[in-house]
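Some notes on the structure that comes next.
The values are calculated or read from the model by the stated rules, or taken from the named source; none is laboratory data. Here the structure is a predicted model, which means the values were calculated and not measured. Using ideal geometry, Cβ is built from the backbone for each residue, glycine included, and neighbour counts are taken over all protein chains shown. For the accessible areas, the whole protein counts, side chains as well, though only heavy atoms, and no ligand, DNA or RNA atoms are used. Shrake-Rupley method; radii C 1.70, N 1.55, O 1.52, S 1.80 Å.
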Amino acid sequence: MSENKQTTMITQISENLFEVFWSTYSNSINLNKEFIKKVFLAVDLKYKKRIADSSVTDALLKNVGVFDMVFYICAEHRFHLQLVKDEYKNQIEQDEKYFQQLVNVVYDKLIINEFRSVDSKSVISKYSVEISLLTMFINRLFVLLGQCKINPKSSKQKLQIDIFAKCFMLIKSTLNQLVDGLETEAMSSWRTFHELLCVLCVITKGDEKVAQAYFRHLTYGAYNRGEISDEKEIEIITKQMEEDMVALAVKKANKEKFINYGWIHWAFKTYKDEEVKMNFLGGLQKVADLTSYKKYYEIASDVTHSTPLLVYADKMKLTTTTLKITYEHFFIIETMFTTFCMNDLNMNVEENKALYDYLLFKKTYKPKVEIVYQQIDYRYRATINKNK
């Protein structure tokens, strides 16, 4: 086949792929289709010629799809349109020099960011059962979460549903970072997840008053960071904060601790005959009954605060540890969320299809998650015993 015929065939295939893409995403793009298509075809041909000169392996593994290529183009073009006055926006697409610059910069990004991408060496991939199974479960939980209807008058239910959503995202973030070879960053994400799970546990144990206090402390924090400038609003906030401190018998010297953790005292000032302190370890984590994770929290804190562990952590050991505690927290939050849906939101499995579908999914896949966890825990214990 001649080079011209080959180029024509590639162009025709690319045009068809572009049309399919555009019919799906055009509403969210809101840019000139013909111009984007023109740039796409130029970039696509240039990139395909480049990988054609590469090894067969690179050609297979580094071939960029229409989705990535068009969104690179759209993002770059949209950025430059923001820099141009409205009366010149139409003219820029007629500028051949700009067209060539756009083609070149997108091509360079594809070569450097995709073809020659420098990735951290990972000990696990997104196809690994440990990653793909839990990711599938979290995605399924998001489907159920999207069908939850809370009581609009309940501060507690609003807070719970928002925290559940954030926790699910933190699990996905942790797993994604493990796949990217960012074990230390994954451990830091788990640390945030652990802290937020502790908050959720305390909110769940508390009543509406506790949730309302949590939202007030959101405002107290904004005030303390100097983010509020309205004098009347500041006056209202400081008055409310002083009243709360008096009601909870908090000394003025402990104002900073109160702003960060004082809301816990609306739930418990003592817990299991011990004082609840206005901090994480002696307060939030204690009331959440998650003190057994103190050792892992300290490891995550060392990573977060840039100790030598951040640079020289054992990749395999940290990956296994992070997977183990992420799975364990998943078991906790999945049970909490299912209970929340059925008990707090009164979702009936016989009447609610979303809940019915989820429980059917859970029945099929939860045993598999437990088997995977057992394997992870076995590897973790083997690693610990090896280092003794």
Answer yes or no as to whether residue 384 is of a type outside the set (Asp, Glu) and within 25 Å of the chain's Cα centre (by Cα).
-> no
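Tally time: how many residues in segment 153-175 are farther than 21 Å from residue 335 by Cα and either touching a residue at least 40 places away in the same chain (Cβ under 8 Å) or touching a helix residue (DSSP H, G or I) at 6+ places or on another chain (Cβ under 8 Å) (or both)?
The total comes to 2.
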With criteria (1) in contact with an Asp or Glu (Cβ under 7 Å, 6 or more places away or on another chain); (2) modelled with pLDDT of 95 or more, residue 181 comes up short on (2)
Going by the conditions given, is residue 183 in contact with a Leu (Cβ under 6 Å, 6 or more places away or on another chain) and either under 30 Å from residue 122 (Cβ atoms) or among the basic types (Lys, Arg) (or both)?
-> yes
Among 339, 326, the single one that is surrounded by fewer than 18 Cβ atoms within 10 Å (Cβ to Cβ), modelled with pLDDT of 95 or more and in a helix (DSSP H, G or I) is 339
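Among the residues of segment 227-266, how many are among the aliphatic types (A, V, I, L, M) and touching a Leu at 6+ places or on another chain (Cβ under 8 Å)?
The number of residues fulfilling the criteria is 1.
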Selected residue (criterion: farthest from residue 205 (Cα to Cα)) from residues of segment 334-356 that are touching a Leu at 6+ places or on another chain (Cβ under 8 Å) and in contact (Cβ under 8 Å) with a residue 60 or more places away in the chain | 354
What helices (runs of 4 or more DSSP H), lying completely within segment 1-91, carry at least 1 residues that are modelled with pLDDT of 80 or more and open to solvent by 90 Å² or more (accessible area, probe 1.4 Å)?
-> 3-29, 33-52, 66-82
Extreme residue, farthest from residue 42 (Cα to Cα), among residues of segment 92-107 that are assigned to a helix (DSSP H, G or I) and open to solvent by 100 Å² or more (accessible area, probe 1.4 Å) | 97
Give segment 245-290 a look and list any residue that's among the polar types (S, T, N, Q), touching a residue at least 12 places away in the same chain (Cβ under 8 Å) and open to solvent by 70 Å² or more (accessible area, probe 1.4 Å), or say none.
-> 260
Inspect segment 187-200 for any residue being acidic (Asp, Glu) and modelled with pLDDT of 95 or more and give the result as yes or no.
-> yes
Taking segment 367-388 only, how many residues are touching a residue at least 60 places away in the same chain (Cβ under 8 Å) and of a type in the set (D, E, K, R)?
-> 1
Odd one out for residue 309, checked against (1) open to solvent by 50 Å² or more (accessible area, probe 1.4 Å); (2) without any contact (Cβ under 8 Å) to a residue 24 or more places away in the chain | (2)
